[in-house]
1. Take residue B:47 and decide whether it is outside the structural domain of residue B:148 (by TED's automatic domain parsing), away from ligand 1 (no atom under 13 Å from the Cβ) and under 25 Å from residue B:221 (Cβ atoms).
2. Just to be sure I understand, how many residues within the stretch B:63-93 are surrounded by fewer than 19 Cβ atoms within 10 Å (Cβ to Cβ) and closer than 24 Å to residue A:148 by Cα?
3. Just for the stretch B:190-209: of the residues that are within 13 Å of ligand 1 (Cβ to nearest atom) and crowded, with 23+ Cβ neighbours inside 10 Å, which one is nearest to the other protein chains (Cβ to nearest Cβ)?
4. From the set of residues in the stretch B:163-180 that are within 18 Å of residue B:221 (Cβ to Cβ) and surrounded by fewer than 23 Cβ atoms within 10 Å (Cβ to Cβ), which is nearest to ligand 2 (Cβ to nearest atom)?
5. Is it the case that some residue within the stretch B:94-104 is more than 17 Å from residue B:157 (Cα to Cα), surrounded by fewer than 16 Cβ atoms within 10 Å (Cβ to Cβ), away from ligand 2 (no atom under 16 Å from the Cβ) and more than 13 Å from chain A (Cβ to nearest Cβ)?
6. So residue B:25 ticks every box in (1) more than 16 Å from ligand 1 (Cβ to nearest atom); (2) over 25 Å from residue B:201 (Cβ atoms); (3) surrounded by fewer than 15 Cβ atoms within 10 Å (Cβ to Cβ) but one. Which box is left unticked?
7. Against the definition (more than 7 Å from ligand 1 (Cβ to nearest atom), in contact with a helix residue (DSSP H, G or I) (Cβ under 9 Å, 6 or more places away or on another chain) and in contact (Cβ under 8 Å) with a residue 60 or more places away in the chain), how does residue B:7 come out, yes or no?
8. More than 13 Å from ligand 2 (Cβ to nearest atom) and in a loop (DSSP other than H, G, I, E, B): does that describe residue B:67?
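The values are calculated or read from the model by the stated rules, or taken from the named source; none is laboratory data. Because the structure is a prediction, the values reported are computed rather than measured. For neighbour counting, all protein chains shown are included, and Cβ atoms are generated from backbone atoms with ideal geometry for every residue, glycine included.
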Ligand SMILES: Nc1ncnc2c1ncn2[C@@H]1O[C@H](COP(=O)(O)OP(=O)(O)OP(=O)(O)O)[C@@H](O)[C@H]1O
Ligand SMILES: [Mg+2]
């Protein structure tokens, strides 16, 4: 599960880091990513594993355009305004999904989704392994992009000190559009992966979004490495948690973790480590 | 190469610069002096286009830049090393420096610029993998200046590089600025260390509550009674 949690949470962390707003529409884009994967499969026979090739660029452009047209206007306003705007975007996406795809539960059924492999006597579901691998792969790709390219470094610089970024010639407005686009693309990608594991309705993503918030709070809201740690921590907490409590309470775990972390380590794991290192 | 004429700047309704004119020729070190809150930082920010200009003009190498975006001004060769250093604290020293070469014209020469900066600041070279926030104040200031040099600027604007440093490090800092200038970079230097700034400067301007109140060559300023009284404590 850790790979999946990571894939659906980086976008949130990236958008918060660069734009300092919380993307409440994240769940909407997760849901949309799942639906688009299903729709491409049922209507055009595009294999669900190929769907991200279309979803990622399309969602990037959509996110970029959304930042240019709407989000940009509320960046300097009070935080509540951007929360309301993005909450509104979520509601619109949700209702659009009801109109287009109705409220029926959908799921993707292919031989791939049903497949299992036998590893040393253990039956492992292939899609789960695949989702974990893709999550890890995207984490690594994103980390390389952020540390090795000028644009990636400019994104990190903008997150850490916007004015200093301007002074070395970074076009901060452009970077914010790109970061928002990448954040939305990651949500779409995460949703596409999710559709391989779960059935979904237009409400899909709400509980998962709570987990995303938990992960970014665990990791520190603006750290990609932190997201990886946070995802792992939550996945482990849940894996242990279900042994001692009914599965129906599983979603409670992320909520409890969220509250505990907010009280004990308000800067997240990585933030706390950094503060200690800086002395 | 840089000419500011009758500049006015305001933060919202609060005007902080009135009718400021200033000129920097190629190869000079020009000192910008004045007490706290006089508007020195604001003047540099107007030139680097990180604060809006209300009136007046700024011309760099014949091109008007008072309405240009900051990225364009950096591309043209202005490097602004801000007050308080403003490094990216969670990035390595080397990543901080590499980002200094962000302008397109500087990217191809980034590796040689990095060698130049490390040669100028051997202490920074020793700490290149360290997280910038863990460095001492003096070292951070060197990284901040190094980051400015990475874009191979034609004019380097330094905002109080000696602020908060131990006296011995301050002397080193001024020596560094002199050397950077001797190696071909024009410098606009904001300082409250008036005596040391004038030691290395060719000319200076004194700003008080948002206006230029006097200006002249180094000798003229050092010889002026007002300056000796107000800033040199003589
Ligand atoms: N962002 C801002 N918003 C509103 N007023 C500001 C802002 N920045 C500076 N000021 C005001 O503008 C005036 C000039 O400030 P500025 O920082 O340019 O002075 P300075 O000469 O650099 O001072 P110091 O020596 O303390 O750095 C001050 O009165 C200050 O309070
Ligand atoms: Mg200042």
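1. Judged against the criteria, residue B:47 is not a match.
2. Looking only at that region, the number is 4.
3. B:190
4. Per the criteria, the residue is B:174.
5. Scanning the stretch B:94-104 turns up no residue that is more than 17 Å from residue B:157 (Cα to Cα), surrounded by fewer than 16 Cβ atoms within 10 Å (Cβ to Cβ), away from ligand 2 (no atom under 16 Å from the Cβ) and more than 13 Å from chain A (Cβ to nearest Cβ).
6. Here residue B:25 clears every test but (2).
7. no
8. So residue B:67 passes the test.
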